[in-house]
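The values are calculated or read from the model by the stated rules, or taken from the named source; none is laboratory data. Note that the structure is a prediction, hence the values are computed from the model and not measured. Don't worry about glycine lacking a Cβ; one is built from the backbone with ideal geometry, like all the others, and counts go over all protein chains shown.
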């Protein structure tokens with residue numbers, strides 16, 4: 001199987017098929033992550049599109065010392081931050097504040113809450129992104145720090161706090177479920 | 001990988017996003033319309049040209065500064081030749097004739113008074129010594 005970095009080299013040599021393969025590999029992963037940051041699916045899809053355009057345009061600046069996914073997520077996170085920073089909430093958005101977000105629509109109904117919905121509720125965007133890149137994308141601490149443009153110390157501390165916070169919430173949820181079950185409410 | 005990390009991964013996979021054909025078409029279309037930016041290779045001559053350009057600019061700036069500084073500078077007025085006092089030809093012959101009238105300058109007066117007092121003291125001491133000698137011998 002051709003590696004991402006080999007596909008980058010082929011793309012730089014002029015192969016559009018090579019870059020199309022990179023899009024195929026990352027489009028769903030990026031959309032899954034960006035849905036957690038965007039207010040609606042259309043914004044998340046726009047962010048995916050912008051990310052691939054930026055990556056294609058500035059492909060020559062990709063440093064092969066890093067993984068392609070690190071570089072791509074770095075672009076995606078910047079695009080998402082710019083998109084969310086520039087938009088102004090209108091009346092319709094405020095009215096729909098309690099409505100389920102785009103992420104909820106993608107998660108099948110289950111007895112227990114998806115841990116990423118819990119994370120979205122508990123953590124700020126940077127901490128959420130650090131957790132996602134570390135535990136879903138299997139990036140190293142160094143790569144997470146690079147993607148988020150933070151120090152490695154910040155990354156370590158944030159991951160530790162995120163884990164503690166989520167673990168405590170999940171443990172509390174589990175004990176609540178057990179208590180309800182013991183009373184025959186479930 | 002512990003149970004917590006497994007759950008994070010498993011729950012992430014449970015997020016079913018699905019890429020719509022419209023999105024893929026949009027991405028492909030926008031990529032076709034996008035051109036890759038390629039760095040322009042720097043030619044060896046461009047470094048030399050830059051050096052020459054910066055040197056000439058510096059030189060021109062220096063010339064301009066020198067001209068501006070000297071633009072309104074006052075010139076040294078030269079006296080006409082006739083106005084310059086000439087040395088008399090017989091200056092060596094008349095050298096002994098000219099005796100300038102020197103007056104005591106005010107600030108030397110205290111020194112002169114001190115000198116007079118010292119001379120008086122010396123005279124008094126000389127008289128005392130003379131008297132002593134006379135008594136002794």
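Here are the numbers:
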{"quantity": "Qualifying residue in segment A:124-133 (condition: modelled with pLDDT of 85 or more, surrounded by fewer than 16 Cβ atoms within 10 Å (Cβ to Cβ) and not in a helix (DSSP H, G or I))", "calculated": "yes"}
{"quantity": "Selected residue (criterion: modelled with the highest pLDDT) from residues of segment A:106-117 that are touching a helix residue (DSSP H, G or I) at 6+ places or on another chain (Cβ under 6 Å) and over 16 Å from residue A:38 (Cα atoms)", "calculated": "A:115"}
{"quantity": "Pairs where the first residue, in segment A:4-33, is on the phi > 0 side of the Ramachandran plot and the second is crowded, with 18+ Cβ neighbours inside 10 Å, C-beta under 8 Å, 6+ apart", "calculated": "none"}
{"quantity": "Test: residue A:64 is within 14 Å of chain B (Cβ to nearest Cβ), modelled with pLDDT under 90, assigned to a loop (DSSP other than H, G, I, E, B) and surrounded by fewer than 14 Cβ atoms within 10 Å (Cβ to Cβ)", "calculated": "no"}
{"quantity": "Residues that are touching a helix residue (DSSP H, G or I) at 6+ places or on another chain (Cβ under 9 Å), surrounded by 10 or more Cβ atoms within 10 Å (Cβ to Cβ) and either assigned to a helix (DSSP H, G or I) or facing chain A (nearest Cβ under 7 Å) (or both), drawn from segment B:17-31", "calculated": "B:17, B:19, B:23, B:24, B:26, B:27, B:28, B:30, B:31"}
{"quantity": "Selection status of residue B:50, surrounded by 10 or more Cβ atoms within 10 Å (Cβ to Cβ) and either modelled with pLDDT of 85 or more or more than 9 Å from chain A (Cβ to nearest Cβ) (or both)", "calculated": "yes"}
